[in-house]
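Read-outs throughout are calculated quantities, based only on the coordinates presented, and are distinct from any laboratory measurement. No experiment lies behind these values; they were computed from the predicted model shown. Counting neighbours? That spans all protein chains shown, and the Cβs are built from the backbone with ideal geometry, glycine included.
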Amino acid sequence: MIKAIDVSYCQTDVAYRAVKQDGIGAVMARNGYLGKKDVEFDKHVRNALAAGLDVGSYTYILSETTDSAIREALQTVKRLEPYKGSINYPVFADIEDNKYLTSRFNKKIRTDILLAFLETINKEGYYPAVYINPSWLECYVDKTKIQGRYDIWLAAWTENPNKPTRYDYGQTMWQWGTGKVNGIQGKVDCDIVYCDYPRKIRGLRKNFLPQYKTVTLAYRAAIRSGPSQSARKLGVLEAGTKCVFVDKTDTKDPATGNIYVQLAGGKNQWIVKSAIQ
């Protein structure tokens with residue numbers, strides 16, 4: 001299980017390194033809603049990534065038609081563009097606004113809006129999922145078109161991560177309530193994640209994540225801080241060691257002509273490619 005938090009404009013000046021040190025592994029950042037980007041979104045994503053946290057995002061759906069939902073999804077994708085290849089959790093649709101409970105909407109209309117958003121997110125190359133609570137899932141959308149088709153981030157508060165919710169929809173994430181986390185003023189929404197999303201999403205080739213390859217080293221090679229023999233030496237991997245590198249990161253060292261590739265798990269860890277061939 002992975003501890004996560006979800007943040008929005010309500011959280012400002014978050015010290016994400018302290019958040020990580022407090023045991024949090026992932027952050028879901030609200031990117032905004034129809035026609036409006038969350039004012040804290042970019043800061044949340046940049047700083048969470050810089051602290052080495054996994055990051056996902058959610059959109060607070062406000063569309064009233066399927067055409068609008070498609071536009072709202074495309075706006076979401078545009079907001080994610082600066083972080084393309086770095087978002088390794090789903091892009092969630094958060095449908096809970098009270099306007100959807102008026103007589104202008106019924107279960108079919110709400111479901112069609114939600115599906116239009118999710119299908120567009122998927123077509124644009126991202127992994128879509130749904131943030132929803134049990135009441136909405138049972139009463140206000142067609143559950144049969146959601147459950148089992150899209151991952152569910154379930155909002156079912158017990159206000160205690162050690163007190164499980166009584167609801168079981170096969171959820172992959174559970175929002176259990178609010179809690180205090182180091183690095184954040186006041187309380188913040190807290191979650192538990194039940195799957196390895198970075199691995200799952202990379203395996204499905206979604207979110208434009210770099211692909212990893214596992215290899216066995218043919219000979220002893222140095223790990224360097226950059227793709228060059230003159231870069232700082234960080235360590236050594238012995239012949240026969242299994243290592244994972246990021247595909248398509250080939251970079252030529254102009255001084256030696258050697259090709260270097262980036263090791264997975266670190267932005268500045270490089271190894272000469274001939275060692276893995």
Q: Please report, in whole Å, how far the alpha carbons of segment 150-217 spread along each principal axis, starting with the longest.
A: 47, 32, 22
Q) In nanometres, what is the gap between the two model label sites at Asp247 and Thr165, each 7 Å from Cα along Cα-to-Cβ? A) 3.5
Q: Subtract the Cα-Cα distance of Ser135 and Leu234 from 0.36 nm times their separation in residues, and report this length gain in nm to one decimal.
A: 30.4 nm
(Q) Antiparallel versus total DSSP beta bridges in the chain: what percent is that, nearest 5? (A) 55
Q: Count the net charge of all other residues whose Cβ sits under 15 Å from the Cβ of Lys84, scoring Lys and Arg as +1 and Asp and Glu as -1.
A: +4
Q: Using only the alpha carbons of segment 1-41, determine the length spanned along each of the three principal axes and report them from longest to shortest in whole angstroms.
A: 34, 23, 11
Q: Identify the chymotrypsin sites (Phe, Trp or Tyr not before Pro) of segment 1-84 meeting these criteria: DSSP loop state and at most 14 other C-beta atoms within 10 Å of the C-beta.
A: Tyr9
(Q) Over the Cα atoms of segment 18-177, what radius of gyration and what Dmax do you get, in Å? (A) 15.6, 47
Q | Net charge dipole size for segment 62-177 [Lys, Arg +1 and Asp, Glu -1 on Cβ; Debye, nearest 20] | A | 100
(Q) What's the longest uninterrupted piece of the chain once you rule out the trypsin sites (Lys or Arg not before Pro) that are loop residues per DSSP with at most 13 other Cβ within 10 Å? (A) 1-83
Q: Just name one of Leu204, Leu217, Gly183: the one whose Cα is farthest towards the positive end of the charge dipole of the chain (beta-carbon charges, Lys/Arg +1, Asp/Glu -1).
A: Leu217
(Q) In 10 Å bins starting at zero, report the fraction of Cα pairs in segment 132-173 per bin as a rounded %. (A) 28, 57, 15, 0
Q | Rg and Dmax [Cα atoms of the chain; Å; Rg one decimal, Dmax integer] | A | 21.2, 71
Q | Debye log10 I(q)/I(0) at q = 0.18, 0.25 Å⁻¹ for segment 50-126, Cα point scatterers | A | -0.70, -1.14
Q: For segment 1-106, just the Cα atoms, rotate onto the principal axes and tell me the three extents in Å, largest first.
A: 47, 26, 25
Q. Do the sum for the chain: with -39,500 (n - 2.57) for every DSSP H run of n ≥ 4, divided by all residues, what is the mean residue ellipticity at 222 nm, to the nearest 500 deg cm²/dmol?
A. -6500 deg cm²/dmol
Q) In µm²/s, what is D for segment 130-277 at 25 °C and 0.890 mPa s, where D = kT/(6 pi eta Rh) by Stokes-Einstein and Rh is the Kirkwood radius from Cα pairs? A) 129
Q: Could you name the lysines whose alpha carbon sits less than 22 Å from that of Lys99, not counting residues in the same chain fewer than 8 places away?
A: Lys36, Lys37, Lys107, Lys108, Lys143, Lys145
